[in-house]
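One structure below.
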Amino acid sequence: MCDYKVLELVRKLCKVIAEGKLDSTTICLILKRPLLLGAEVGVCEIVEEIIKSYPDAIWFTNEKNQNLFHLAIINRQEKVFNLIYRLNDRKHLLLTSEDGDKNNILHLAGKLAPENRLNVIPGAALQMQFELLWFKEIEKIVPPAYKADKNCIGETPAMIFTKAHRELVKEGRDWMKVVANSCSVAAALIATIVFAAAITVPGDYNDAGIPNFYKQIAFTTFSVSDAVSFFSSIAAIIMFLSILTARYAEDDFLYVLPKRLIWGLVMLFLSLTSLMVAFCATVFLVFCDRKAYWILAPMFVSALVPLYLFTSSEFPLVWDLMVSTYGSGIIRKERTFYEIIKEKGLKLVF
């Protein structure tokens, strides 16, 4: 069945329940599994529809005594978590509840996410950042005492997180080093090229040691872009070296390392762009007097190819890094049907 058919079936069941034709035991048998399964796989529409029709469904738990909050956190379902978090005042009872192993929600946030949730994130470093974001966000909304709370085997949330993410930290460190090493080699190559170009300027020098083309706009463009390319490539090398020499602690994957990688890739792109501009300016100086436009046009178009290849291959990574590093976080302010009902002056009795 398609998703919309499943949702329509749930709506019909909820309509029957809302009419008051079924007792609470029957309602629990009908709605418990779809509600918990919807929270587990992230089908927010089903969770919303069931809770709207039967508000007491928020107390449903599975065989491990895990409620909607627990399942949303374990499976990293952001939309379901936000829906329940903005539900009503009784969310605090869900937040402070424990599962069958005395794990509070911070313990559950410290566990490693399922593979199907981690695999949608490119790179082990970004996966580690994703896990840290969840843990830090949950840490903000729980009582301070929960940070030191122990489960049935005596583990605190921090202990669980460190133990569960030990391998992911190693994979993230290796991934970061490979990326930084490869990009630093590219940046060093660009720096070498533009430094040599700055010494051997196009058109050579006259007897007074002044470049022959120094009065032309194209030569000024070449000089400026060559300097920008050189300095930005050096900046990129410094940023990538800072990644290679980082200590790679757990918290470094949250902001420190992603920011360095973002700035390194941005500087590398700027240096490559400036290099292409300097190259085009040089070609223009050589061929403009000959009016060889049939040569200039293909040259300028060819200069765009490296920029396109770099952008198409690296932009998704940079975008993911920027969203996860500078984004609004896990808990977001979104309008739900509860807020809409409140705006219209209606009330839901829980």
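The values are calculated or read from the model by the stated rules, or taken from the named source; none is laboratory data. Since this is a predicted model, take the numbers as computed values, not measurements. Neighbour counts run over all protein chains shown; Cβ positions are idealised from the backbone, glycine included.
A few points about this structure:
- Of residues in region 40-78 being of a type in the set (Val, Ile, Thr) and out of contact with any Gly (no Cβ under 7 Å at 6 or more places or on another chain), the one nearest to Cys14 (Cα to Cα): Ile50
- Condition met for Leu304 (in a helix (DSSP H, G or I), under 35 Å from the mean Cα position of the chain (by Cα) and within 30 Å of Ile217 (Cα to Cα)): yes
- Candidates Ala18, Ala39, filtered to the one that is farther than 25 Å from Ile153 by Cα, among the aliphatic types (A, V, I, L, M) and modelled with pLDDT under 85: Ala18
- Note on region 94-104: residues that are touching a Phe, Trp or Tyr at 6+ places or on another chain (Cβ under 9 Å) and free of Cβ contacts under 8 Å to residues at least 40 places away in the same chain total 2.
- Failed item, numbered, when Ala125 is tested on (1) under 17 Å from Lys163 (Cβ atoms); (2) touching a Gly at 6+ places or on another chain (Cβ under 8 Å): (1)
- Test: Lys52 is at pLDDT 75 or above, over 28 Å from the mean Cα position of the chain (by Cα) and part of a helix (DSSP H, G or I): yes
- Selected residue (criterion: modelled with the lowest pLDDT) from residues of region 307-333 that are of a type in the set (D, E, K, R) and not in a helix (DSSP H, G or I): Lys333
- Residues satisfying the stated conditions in region 100-133, i.e. more than 21 Å from Met176 (Cα to Cα) and either among the hydrophobic types (A, V, I, L, M, F, W, C) or in a helix (DSSP H, G or I) (or both): Ile105, Leu106, His107, Leu108, Ala109, Gly110, Asn116
- Those residues of region 122-163 which are hydrophobic (A, V, I, L, M, F, W, C), surrounded by fewer than 17 Cβ atoms within 10 Å (Cβ to Cβ) and either in contact with a Ser or Thr (Cβ under 9 Å, 6 or more places away or on another chain) or in contact (Cβ under 8 Å) with a residue 60 or more places away in the chain (or both), in sequence order: Ile141, Ala148
- The residues in region 245-280 that are surrounded by fewer than 17 Cβ atoms within 10 Å (Cβ to Cβ) and in contact with a Lys or Arg (Cβ under 6 Å, 6 or more places away or on another chain) can be counted, and the count is 0.
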